[in-house]
Number of protein chains: 2
Amino acid sequence: MIDLLGILGYGVLIAFDRLAADARLSPDLHRRALLSEMAAAEVAHYRRLHDRLAELGADPEASMSAFAAPLDAFHDSTAPSDWLEGLVKAYVGDGIADDFYREVAGFLDEPDRSLILDVLHDTRHAEFAVTEVRAAIEADPLRAGRLALWARRLVGEAISQAQHVAAERDALTELIIEGYGDLTGIGTLIKRLTTAHTERMKLLGLNN
Amino acid sequence: MIDLLGILGYGVLIAFDRLAADARLSPDLHRRALLSEMAAAEVAHYRRLHDRLAELGADPEASMSAFAAPLDAFHDSTAPSDWLEGLVKAYVGDGIADDFYREVAGFLDEPDRSLILDVLHDTRHAEFAVTEVRAAIEADPLRAGRLALWARRLVGEAISQAQHVAAERDALTELIIEGYGDLTGIGTLIKRLTTAHTERMKLLGLNN
């Protein structure tokens, strides 16, 4: 449980960071303000996760820092080079992460179940990303190939870092295996995550 | 009035941006979260200024974008190279800006007077910066010289950009001159800003 709140806590802090950096890449002030507001929402999520960790008797900073290496590695290796890559990353990457946390939340008791569902990404962001990316591809269809390649790279990096976390954090891995009852549940989880990812790529107008 | 709300609006958006970037330079997660929370507060200020501009019948984005060039130029030419430079910049730079806006707010009617006083920087940030910088200088007194030099560069750049704004935005300049009644008031304003700046440098433990 501590591990789960810890990885989420570091994750929302990085999401804040990334949204703030993406805001800087915005083509205009309206979009910049929109992304800045989404970034600010992540900070409120951070505070809630922090306080819950403290309530559970954990050291919030230490619990979160434990996941700094894999999450930083993922984000450092997938720094978007422009506005569109940032949006695809947010939509595709956060989409997979949110699906995963939503599944895990199903195994938890309250108040942690609701806390986790609350701190998942704002659907406004997903809708915004889809609208922007579709419009950009319509304006220049050649962008689709480059962005699809980018999305595949994101997924590859995410899987690689998730494997690191799974290998190193037994408590987190056990929480998930116990939640499903056995290892075949993990297979089902991966299948569901993959299906949802394919759906998102379609919505963006990209080939998976 | 539109000009004043516009420059403040672009200013808080940049403050958000800069605090988010400074958060990334934090030596630990606790400080990082603290700066991220201050950054999030700026976004709420942005929204209030935006809505007031719309209420006054102005185009909020256009009113703010008019000040993008001088404010971006200031921040691009004074990008902190480390955590301490970031704190000195926030304390010294925001301090002067806040003093200036507080003076101007005195000439305004409600609701603009209160709006401007509300969106000035959080004093938490100033206290935090003073504590951190003093502790850092105590740990290594050689830092004081470098940081004092940095503060002087900040002030020089700020004056240079303020002159650009004053030369280009007649409405804003007139608002201030009318507020004081005549040009000697501007002299008094500059004197007050300088005195307060010297006080802040002393509090940081830096020579002006």
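A few comments on the model shown:
- Mean residue ellipticity (222 nm) of chain B, computed from DSSP H runs ≥ 4 via -39,500 (n - 2.57), nearest 500: -28000 deg cm²/dmol
- Each Cα pair of segment A:155-208 feeds into the Kirkwood radius, which the Stokes-Einstein equation turns, at 37 °C and 0.692 mPa s, into a diffusion coefficient of 262 µm²/s.
- If R0 is taken as 51 Å, the Cβ-Cβ distance between A:Asp72 and B:Gln163 corresponds to a FRET efficiency of 0.75.
- Counting only the Cα atoms, the protein assembly as shown fills a convex hull of 153 Å³ per residue.
- With neighbours defined as other Cβ atoms within 10 Å of a residue's Cβ, the residues A:Asp94, A:Asp59, B:Asp76 order from fewest to most as B:Asp76, A:Asp59, A:Asp94.
- Look at A:Thr131, B:Thr78, B:Thr194 and count the other Cβ atoms within 10 Å of each Cβ; fewest to most, that gives A:Thr131, B:Thr194, B:Thr78.
- Total formal charge among the other residues, if their Cβ is under 13 angstrom from that of A:Gly6, Lys/Arg +1 and Asp/Glu -1: -3
- Averaging Cα coordinates gives a centre for segment A:24-91 and one for segment B:30-104; these two points are 21 Å apart.
- Mean shadow area of segment A:2-204, taken as a quarter of the surface of its Cα convex hull (nm²): 10.8
- Helix A:170-180 and the longest principal axis of the Cα set of chain A meet at an angle near 90°.
- In segment B:78-208, taking the dipole from charged Cβ atoms about the Cα centre, the farthest positive-side position among B:Gly145, B:Ile176, B:Ala196 is held by B:Gly145.
Bear in mind that the values in this text are calculations on the coordinates, not laboratory data. Small disclaimer: the values here were computed from a predicted structure and weren't measured. Here Cβ is always computed from backbone atoms with ideal geometry, including for glycine, and neighbour counts include all displayed protein chains.
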